[in-house]
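Chemist: Quick one: this structure, given as structure tokens, is what I'll be asking you about.
The values are calculated or read from the model by the stated rules, or taken from the named source; none is laboratory data. Quantities reported herein were computed from a predicted structural model and do not represent experimental measurements. Every residue, glycine as well, gets a Cβ built from its backbone with ideal geometry; the counts of neighbours run over all protein chains shown. Just the protein is used for accessible areas: all its heavy atoms, side chains included, with ligands, DNA and RNA removed. Shrake-Rupley method; radii C 1.70, N 1.55, O 1.52, S 1.80 Å.
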Amino acid sequence: MKKINVLALALVVALSYNCKEAKKDTKEATDEMETAVEEMAEEVMAEPIKFKMEPKSDSKVAGDVTFTEEGGQVRMTATFTGLTPGEHAIHIHEKADCSSADGKSTGGHWNPTSEPHGKWGAAEGYHKGDIGNFPADADGNGTVEFSTDQWCIGCEDANKNIIGKAVIVHQGADDLTSQPSGAAGARISCTGIIQ
């Protein structure tokens, strides 16, 4: 009888050990799979958003804007024609509404964190829509390339999500200090960022 009890006890101990090892192996495999899925999700690129810019304030400024998101960075690429030579401000504005002739239906700069207007990255503060200035050549052509991790396309963070906003090009340069919008002059081109 003692031999049977000892054998039974040995069998219980062996099974317990094997179950613990199996649980450990399963947990490690699950952790590895979750890590792989998270890495793949970070690498997935959101569908690009492309828009045509439309002239405003009796200008002839047209263009194309593309937003792409990859690896936590949103990249904006834009090309324009019909500009006057020199510096022009470009901003993201709070409303995707280009219905008014002067572009003012887009509201003010997109500023979800209620910061003062300023140069992008300034310690004193800046709007999430304060992209800055870009040059137009003698033929009136200009290009903007901008990338940031402070925007997202369609995420749930209202302080980062650019969906439902508008892109505005101004007649002049942003002075990067005047409040609330940089004294950049008329809104001469507009597009809405909508899904």
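Chemist: Kindly indicate whether G86 is at positive phi and modelled with pLDDT of 95 or more.
Modeler: yes
Chemist: Being open to solvent by less than 10 Å² (accessible area, probe 1.4 Å) and either under 22 Å from A158 (Cα atoms) or not charged (D, E, K, R) (or both) narrows it down to one of G86, G103, G121, so name that one.
Modeler: Answer to the check: G103.
Chemist: Quick check, is W151 open to solvent by 30 Å² or more (accessible area, probe 1.4 Å) and within 19 Å of I193 (Cβ to Cβ)?
Modeler: No; evaluated as a whole, the condition is false for this residue.
Chemist: Turning to a different aspect of this structure: What strands (runs of 3 or more DSSP E), lying completely within the stretch 82-195, carry at least 3 residues that are within 18 Å of the chain's Cα centre (by Cα) and in contact (Cβ under 8 Å) with a residue 60 or more places away in the chain?
Modeler: Ranges flagged: 86-93, 142-148, 165-170, 187-193.
Chemist: Let me ask something additional. Taking D157, is it open to solvent by less than 10 Å² (accessible area, probe 1.4 Å), at pLDDT below 95 and out of contact with any Asp or Glu (no Cβ under 6 Å at 6 or more places or on another chain)?
Modeler: no
Chemist: Within the stretch 108-116, does at least one residue satisfy the condition of being at pLDDT below 95, open to solvent by 20 Å² or more (accessible area, probe 1.4 Å) and small (G, A, S)? Before the answer, list the steps.
Modeler: Here is the first cut: in the stretch 108-116, the residues at pLDDT below 95 are 108-116.
With the extra rule that they be open to solvent by 20 Å² or more (accessible area, probe 1.4 Å), the set shrinks to 108, 111-116.
So of that shortlist, the ones also small (G, A, S) come out as 108, 114.
Yes, some residue in the stretch 108-116 is at pLDDT below 95, open to solvent by 20 Å² or more (accessible area, probe 1.4 Å) and small (G, A, S).
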